[in-house]
Amino acid sequence: MKTDQSCWAIIPAAGVGTRMGLETPKQYLKLLDKTVLEYSVELFCEYPAIKGVVIVLCDGDPFWPETGLANNSKKIIVTQGGVERCHSVQNGLQSLKTIADPNDWVLVHDAARPCLQRSDIDKLIMSLEGNLVGGLLALPVKDTMKRGDQNKNVIETVNRQSLWHALTPQMFRFSLLGSAIDNALSQNILVTDEAQAIELYGKQPVLIEGSARNIKITNPGDLKLAELYISQQEIT
C-alpha cells in the first residue's frame, strides 16, 4: 500500500493494566504462543510502508527483554513512557523528531489491540491519501446507549445516531499531532486518544469504519475472544 508520505507507528505500552487485576501488564499476557504486545507490534514491523515502530515503555520495564521484539533492531525504536498515554505519545513523537518529516504520517496503536488486520491498515492509509489532517478507525454504535449516574442508575437514553466507538490505529500528520498534543497539555487536558487532541486543536479527523474484531484487551475474557480471532486469521 503506497502513501503520499513516509509512515511511522507509535505503540504506547507503558500502562500497567490495573483493570485486569493481574500482576503482569495486559500487553505482556500470553496469547497463544506470543504476548499481546508482540501481536500488536509485529504487524507494523512487517508492513512495508511503515519505516519505523516506536515502542514506548515504562522505565525499567522487566517484561520487554523477554519478548521476541527486544532483539529486532531493524524497525523498532524504544523510548520511555510518561505518566499518561498522551505523555507517552508525546515522548514517542519526540524520538522521531530528527528522522520524520513534518508531513509524514504517524499511526498510533494501542498495545492491547492484538487482532488488528492488515486490511484495516490498508483501508486507513488508502482513505487518508492526500488528507492534510488524518483520521482514525472506528465503529458505528449499534446498541441503545444509556447514561448512568454514580450509582449506576439510568438517567437518560442517548441518541446513538452519529456516535462511533473510537479504535486504533489513529493516523495523523507528524507535525500536526505533535502540536495538537502540546496544545492539549498546555491546557492541562489529558486527552484519552489522539483524535481528541486534534479536535481540541480545531481540526476534524476522518472516521473510517474498521473491523469489529479489532478488540482491546481490557478484561480477562477478552483474551479468549482474541485467541479465537487470531486463530481464524492464521487459518485463512
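Just grab the label-to-label distance for residue 66 and residue 228, each label 7 Å out from Cα along the Cβ direction, in nm (one decimal).
The answer from the label model is 2.8 nm.
Roughly what % antiparallel, to the nearest 5, for the DSSP beta bridges in the chain?
Roughly 45 percent of the beta bridges in the chain run antiparallel, per DSSP.
Once both labels are modelled 7 Å past Cα along the beta-carbon direction, what's the residue 209-residue 51 spacing in nm?
For residue 209 paired with residue 51, the spin-label model returns 3.4 nm.
On a full-extension model of 0.36 nm per residue, what is the gain between residue 201 and residue 150, subtracting their alpha-carbon distance, rounded to one decimal in nm?
The span from residue 201 to residue 150 would gain 15.3 nm if fully extended.
May I ask you to derive the relative contact order of the chain, considering only C-alpha pairs under 8 Å and at least 6 residues apart, and to give it as an integer percent?
Once divided by the residue count of the chain, the mean separation gives 23 percent.
If you place +1 on the Cβ of every Lys and Arg, -1 on the Cβ of every Asp and Glu, and leave all else neutral, what size is the dipole of the chain about its Cα centre, to the nearest 20 Debye?
320
Cross-link candidates for residue 75: which lysines have Cα within less than 27 Å, leaving aside residues fewer than 8 places away along the same chain?
Straight-distance partners of residue 75: 2, 26, 30, 34, 51, 97, 123, 216.
Quick note: the coordinates plus some simple rules give every number you see, no bench work behind them. Since this is a predicted model, take the numbers as computed values, not measurements. Here Cβ is always computed from backbone atoms with ideal geometry, including for glycine, and neighbour counts include all displayed protein chains.
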